[in-house]
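Accompanying notes for the structure given below.
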Amino acid sequence: MTRQIITTPGGERLVLMPEADFEALVAAAEDNADRTAVAEFRRKLAAGDEELLPAALVERLISGENRVRIWREHRGLSGAALAKQAGLAQAYLSQIETGAREGTVETYGKLAAALGVSLDDLVG
């Protein structure tokens, strides 16, 4: 790697290098960031702070289906069981899932806690 160091009139030191060397450094930094992100995900997965999701669930989330219903079904809960765990009326939960009513932030917080997901997972 060839390089040249110059000093600006203000005293700042700059390094000049061939573009190919610069691109290699950028690629190495990106690879390192990716390795760090993967290691952090694996740590969280092992600790139970992350979970792997089936492709079908992700496809449903992306398609715009009701997120509360998707997560409820993924967790294997009935509407009655989720409503009870979240401290909500089953009819209210049903209305949220069908889009007939909007839940409050507090309601979504209760649902997120009962489903073991973040609030962003339900309203994102």
Selection from segment 91-107 of residues that are without any contact (Cβ under 8 Å) to a residue 24 or more places away in the chain and among the hydroxyl-bearing types (Ser, Thr, Tyr): 92, 94, 104, 107
Single match in 94, 63, 78 (criterion: within 16 Å of residue 121 (Cβ to Cβ) and among the hydroxyl-bearing types (Ser, Thr, Tyr)): 63
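Keeping to segment 108-123, report how many residues are in contact (Cβ under 8 Å) with a residue 12 or more places away in the chain and closer than 20 Å to residue 64 by Cβ. Spell out the reasoning first.
First, the residues of segment 108-123 that are in contact (Cβ under 8 Å) with a residue 12 or more places away in the chain: 108, 110-111, 113-117, 119, 121-123.
In the following step, the residues that additionally are closer than 20 Å to residue 64 by Cβ were identified as 108, 111, 115, 117, 119, 121-123.
The total comes to 8.
For segment 109-124, give me each residue that is open to solvent by less than 60 Å² (accessible area, probe 1.4 Å) and within 16 Å of the chain's Cα centre (by Cα).
Of segment 109-124, the ones open to solvent by less than 60 Å² (accessible area, probe 1.4 Å) are 109, 111-112, 114-118, 121-122.
Listed by number, the residues that qualify are 112, 115, 116, 117, 118, 121, 122.
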Residue 113 being in a helix (DSSP H, G or I), at pLDDT 95 or above and touching a helix residue (DSSP H, G or I) at 6+ places or on another chain (Cβ under 9 Å): yes
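So that you can scan it fast, the table gives a plain yes or no per residue for (1) aliphatic (A, V, I, L, M); (2) within 30 Å of residue 2 (Cβ to Cβ):
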residue: 21; (1), (2): no, yes
residue: 26; (1), (2): yes, yes
residue: 29; (1), (2): yes, yes
residue: 33; (1), (2): yes, yes
residue: 54; (1), (2): no, no
residue: 59; (1), (2): no, no
residue: 75; (1), (2): no, no
residue: 97; (1), (2): no, no
residue: 121; (1), (2): no, no
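The values are calculated or read from the model by the stated rules, or taken from the named source; none is laboratory data. Since the model is a prediction, treat every value here as computed from it, not as a measurement. Cβ sites come from the backbone with ideal geometry, for glycine too, and all protein chains shown count toward neighbours. These area figures cover heavy atoms from the full protein model, side chains too; ligands, DNA and RNA do not enter into them. Shrake-Rupley method; radii C 1.70, N 1.55, O 1.52, S 1.80 Å.
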